[in-house]
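The values are calculated or read from the model by the stated rules, or taken from the named source; none is laboratory data. Treat the numbers as computed from the prediction; the structure is a model and nothing was measured. Here the Cβ positions follow ideal geometry from the backbone for every residue, glycine too, while neighbour counts run over all protein chains shown. The protein model used for the area step is the full one, side chains on, heavy atoms only, and it has no ligands, DNA or RNA in it. Shrake-Rupley method; radii C 1.70, N 1.55, O 1.52, S 1.80 Å.
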Amino acid sequence: MEATQHPYAQAREEGKKLWFLGTPTRVIATAEQTGGAFGLIEQEIPAGSESPWHVHHAEDEAFYVVEGQMTILCGEQKVQAGPGTFVYGPRGIPHGFRVEGDQPARVLLQCTPAGGFENIVMEMSESAPPSGPPDMERLMSVAAKYGNEILGPLPESWS
C-alpha cells in the first residue's frame with residue numbers, strides 16, 4: 001500500500017472514544033488514513049493494569065509514555081518508563097507492559113506498517129465500559145487474524 005497523498009488531522013476531542021480490554025482508547029490513525037504507513041492508538045490505562053504477553057509478527061510497535069509510570073518488557077529488556085520515555089519493540093519479539101503506582105498511564109502506541117494492531121483494537125472495542133472481563137478466546141482469534149499472537153500472561157520472570 002502506498003503512502004497517502006492526502007493530509008490527515010484529528011484534534012483530541014474529535015477522536016472516537018472506545019473501550020479496548022477495559023481501557024479508554026482512541027484510534028488516532030489507521031491504515032486507511034496513512035496509506036498503510038502506520039497506525040496510532042492512545043490509551044489511558046488504569047493503575048495496576050497489564051497487557052498479555054504477546055508478539056506482533058508483521059509490525060513493529062513503539063510506545064511513548066505521556067503520563068504515568070509503566071514497566072515495559074520487550075524480549076529480555078525491562079524498561080521503567082515514565083513521561084517522555086520511548087520504547088521500540090521490533091516485530092517478532094514478545095513484549096508486554098504493566099502500569100505501576102496508583103495513577104493511570106497515558107501512552108501512545110504506534111505500529112508500522114498499519115493494518116494490524118489498530119484493527120484488533122477496533123474489532124475488539126466497545127462503545128461503553130465493559131461489564132466484565134475480556135473474552136480472551138475471542139481476543140486470541142482476532143489477534144491471529146491480524147498477524148499477532150497472544151502468548152499468555154506476562155512471564156513469571158517479570159517481577
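Can you name every residue in region 11-41 that is of a type in the set (A, V, I, L, M), open to solvent by less than 50 Å² (accessible area, probe 1.4 Å), touching a residue at least 60 places away in the same chain (Cβ under 8 Å) and in a loop (DSSP other than H, G, I, E, B)?
Correct list: Ala37 only.
Among (1) under 12 Å from Asn119 (Cα atoms); (2) at pLDDT 95 or above, there is one condition Glu42 misses while meeting the rest; what is its number?
Result: Glu42 passes all but (1).
With the requirement that a residue be in a loop (DSSP other than H, G, I, E, B) and surrounded by fewer than 17 Cβ atoms within 10 Å (Cβ to Cβ), what does region 140-157 give you?
Correct list: Pro153, Pro155.
Pairs please, first residue from region 96-124 and within 11 Å of Ala31 (Cβ to Cβ), second anywhere and open to solvent by 30 Å² or more (accessible area, probe 1.4 Å), Cβ atoms under 6 Å, 6+ apart in sequence or on different chains.
Thr112/Phe38; Ala114/Phe38; Gly116/Ala58; Gly116/Tyr146; Asn119/Tyr146
Right, Ala3: at pLDDT below 95 and either assigned to a helix (DSSP H, G or I) or not hydroxyl-bearing (Ser, Thr, Tyr) (or both) or not?
When the stated conditions are applied, Ala3 passes them.
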